[in-house]
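Since the structure comes first, as structure tokens, the remarks are kept for the end.
The values are calculated or read from the model by the stated rules, or taken from the named source; none is laboratory data. Please read all numbers here as calculations on a predicted model, not as lab measurements. Counting neighbours? That spans all protein chains shown, and the Cβs are built from the backbone with ideal geometry, glycine included. The area values use the complete protein model at the heavy-atom level, side chains included, leaving out ligands, DNA and RNA. Shrake-Rupley method; radii C 1.70, N 1.55, O 1.52, S 1.80 Å.
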Amino acid sequence: MEEKEISQAVIRRMPRYYRYLGELLDAGVERISSNDLSSRMNVTASQIRQDLNNFGGFGQQGYGYNVKYLYEEIGKILGLNTTHYVIIIGAGHLGQALANYVKFEKLGFVITALFDVDQKLIGTNVRGIPVLSIDELPDYVKNHTVDIATLTMPKSKAAQIANELVSLGVHAIWNFAHVDLELFDKDVIIENVHLSDSLMQLSYNTVKHTKEKGNGSGH
């Protein structure tokens, strides 16, 4: 049976459900209705039901959702019930910040090494994670499990390194370099992250809100 194609919009909402359900679990909530979840998340109850129905539903009429069960099931959908081994290419400020973010490990993302060209950084470590020379990358990938490679490096080198990673057999790239990577190998999954895009959206909404507030005040 062919697996149902899930839209990217639905997939983008799943981590948010997971986060909110985790907060409910921490607060000792055992059960929640789609209406209550809707008011917390600012997503319509029908949208929540539609999203979850893509994966089997999980709720019962008149009962709602078992928070712990739904949290665990969404974790499985997102692949969080397994360990993902991650390397970071670029041990500058952003690379080190990601390596220092301990919550990744709680979600199953274990950062095993950072790579850089800077001799001052090579041989040091970040939270016990070694910083290796970029020249060691091929041997490292051949001798260690690497599920995800994270790029936190200048955009001028990103495509070259990405193609090298693909040739070494890495199938998932989390790209923070300021360029949209497009590789010909369709078996490779790329997530392009542009932090400045988020900041510009915030800027737009701030300006819009300020204008609306000004117009509303009679100025």
If you take the residues in the range 94-107 that are touching a residue at least 24 places away in the same chain (Cβ under 8 Å), in contact with a Leu (Cβ under 8 Å, 6 or more places away or on another chain) and assigned to a helix (DSSP H, G or I), which one is nearest to LYS155 (Cα to Cα)?
-> GLY95
Can you name every residue in the range 142-164 that is farther than 16 Å from LEU195 by Cα and modelled with pLDDT of 95 or more?
-> LYS142, ASN143, HIS144, THR145, VAL146, ASP147, ILE148, ALA149
Taking only the range 7-19 into account, find how many residues are open to solvent by 50 Å² or more (accessible area, probe 1.4 Å) and assigned to a helix (DSSP H, G or I).
-> 7
Looking across the range 21-34 at residues that are outside any loop (DSSP other than H, G, I, E, B) and either in contact with a helix residue (DSSP H, G or I) (Cβ under 7 Å, 6 or more places away or on another chain) or of a type in the set (Phe, Trp, Tyr) (or both), the single one that is most open to solvent (accessible area, probe 1.4 Å) is ARG31
Can you name the condition, by its number, that LEU37 falls short on among (1) in contact (Cβ under 8 Å) with a residue 24 or more places away in the chain; (2) in contact with a strand residue (DSSP E or B) (Cβ under 8 Å, 6 or more places away or on another chain); (3) outside any helix (DSSP H, G or I)?
-> (3)
For ILE129, which of the numbered conditions (1) under 20 Å from the mean Cα position of the chain (by Cα); (2) open to solvent by less than 50 Å² (accessible area, probe 1.4 Å) fails to hold?
-> (1)
Residue hits (the range 135-152; in contact with a helix residue (DSSP H, G or I) (Cβ under 8 Å, 6 or more places away or on another chain) and either assigned to a loop (DSSP other than H, G, I, E, B) or surrounded by fewer than 19 Cβ atoms within 10 Å (Cβ to Cβ) (or both)) are PRO138, VAL146, THR152
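Kindly indicate whether TYR71 is under 18 Å from the mean Cα position of the chain (by Cα) and crowded, with 17+ Cβ neighbours inside 10 Å.
yes
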Collect the residues in the range 53-88 that are in contact with a Leu (Cβ under 8 Å, 6 or more places away or on another chain), assigned to a strand (DSSP E or B) and without any contact (Cβ under 8 Å) to a residue 60 or more places away in the chain, keeping them in residue-number order.
-> TYR65
So is ALA91 assigned to a loop (DSSP other than H, G, I, E, B), open to solvent by less than 40 Å² (accessible area, probe 1.4 Å) and modelled with pLDDT of 95 or more or not?
-> yes
Which pairs have Cβ atoms under 8 Å, sit 6 or more apart or on different chains, and link a residue in the range 159-170 that is closer than 13 Å to ILE148 by Cα and among the hydrophobic types (A, V, I, L, M, F, W, C) to one that is in a helix (DSSP H, G or I) and open to solvent by 30 Å² or more (accessible area, probe 1.4 Å)?
-> LEU168/PRO138; LEU168/LYS142
